[in-house]
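Step one of this worksheet: look at the structure below.
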Amino acid sequence: MTIDHAHWAEYLLAGVDERVEVQAITKVVDELSIDDAYAIQAALLELQLARGDTLAGAKLGLTSAAKQEQMGVSEPVYGWVPAGSVLDSGDVVLDELIHPRCEPELVFLLAEDLAGPDVTAGDVLDATREVVGGIEVIDSRYEAFSFTLPDVIADNTSAARVAIGGDGVAPRDVDLTTLGCVFEVDGEVTGTATGAALLGDPAACVAMLANHLGRHGQKLEAGWLVMAGAATDARPLTAGTTATARYSHLGSVTVTGKG
Ligand code: 0L1
Ligand code: MG
């Protein structure tokens, strides 16, 4: 069966624009391959760029056991970070979103391009200017935040907003695998993790992303931010909810739902 990538990209973008949940694509089509899912994701990005947005970077998702178990999916996924999704402050305008959740992220700020194949974790450290803490706000466009692996890939891995912290470290000045994060929602600790929760090494996750892009003739670019994935499960962000990620070495990042 031929999948109309442009059609499904418009279907997902309508969900974003109208702030309504849509049915998972796999509930409508018989088969959605991973390649078709990434092609829909690419078509969705094209639509966003055609509206005047620019690309701020890229992201991984589902790189920790906590997230894979939460979503019932067993492989990492890769997506894009449009500049329009990067928050200026910790305020998250809920009227613009469907059913947002928030999660802590380690964010790599790149000084050099990274082009796969064969990118290693060491190459990632060499190419990185700084590692900072962040909080990603994810907002699946699908009903009940429920999807299969190809569905979530097509939906740009639920990407919606990201808050980036100001206290960074040079990547070789700390051991990223033991760097700690405590995630608190309204003062209650909902998760704790170290960088090693991200498939053993956050830099290796970024290398996986560079190698994935290399297979599609693309690369990570100097000046981009790259999210390595959440080390804890994601929590609902509702009106008045405040979530804080406290990192060793990277300070704290806070977001608040404004409704
Ligand atoms: O950034 C993420 O980990 C999102 C991956 C997609 C699954 C989800 O929506 O939680
Ligand atoms: Mg994430």
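The values are calculated or read from the model by the stated rules, or taken from the named source; none is laboratory data. Model, not experiment: these values are computed from the prediction. Areas reflect the complete protein model, heavy atoms only, side chains present, ligands, DNA and RNA absent. Shrake-Rupley method; radii C 1.70, N 1.55, O 1.52, S 1.80 Å.
Which of these, ALA144, ALA234, ALA193, has the largest mean-square fluctuation under a Gaussian network model of the chain (Cα springs below 10 Å)? Comparing ALA144, ALA234, ALA193 in a Gaussian network model of the chain, the most mobile one is ALA144.
Shape analysis of the range 109-253 places it in the oblate category; the axes a ≥ b ≥ c from the Cα gyration tensor give an a/c of at least 1.5, with a/b not above b/c. At a probe radius of 1.4 angstrom, the accessible area of the range 187-259 per residue rounds to 39 square angstrom.
For the chain, the carbon plus sulfur part of the accessible surface works out to 47%, probe radius 1.4 Å. Whole-Hz Karplus values for the range 165-173 come out as x, x, 9, x, 10, 5, x, 9, 7 Hz, taken residue by residue from phi with 6.51 cos²θ - 1.76 cosθ + 1.60 and θ = phi - 60°; glycine and proline positions read x. Taking all protein chains as shown and a probe of 1.4 angstrom, TYR38 keeps an accessible surface of around 30 Å². With all protein chains in place and ligands, DNA and RNA left out, the 1.4 Å accessible area ranks LYS67, LYS258, LYS27 as LYS27, LYS258, LYS67, largest first. Just so you know, the Rg over Rh for the chain is 0.94, from Cα atoms, with Rh as the Kirkwood radius.
Among beta bridges identified by DSSP and lying wholly in the chain, the antiparallel ones come to about 85 percent. In whole Å, what is the distance between the alpha-carbon centres of the range 210-252 and the range 68-109? Cα centres, the range 210-252 to the range 68-109: 7 Å.
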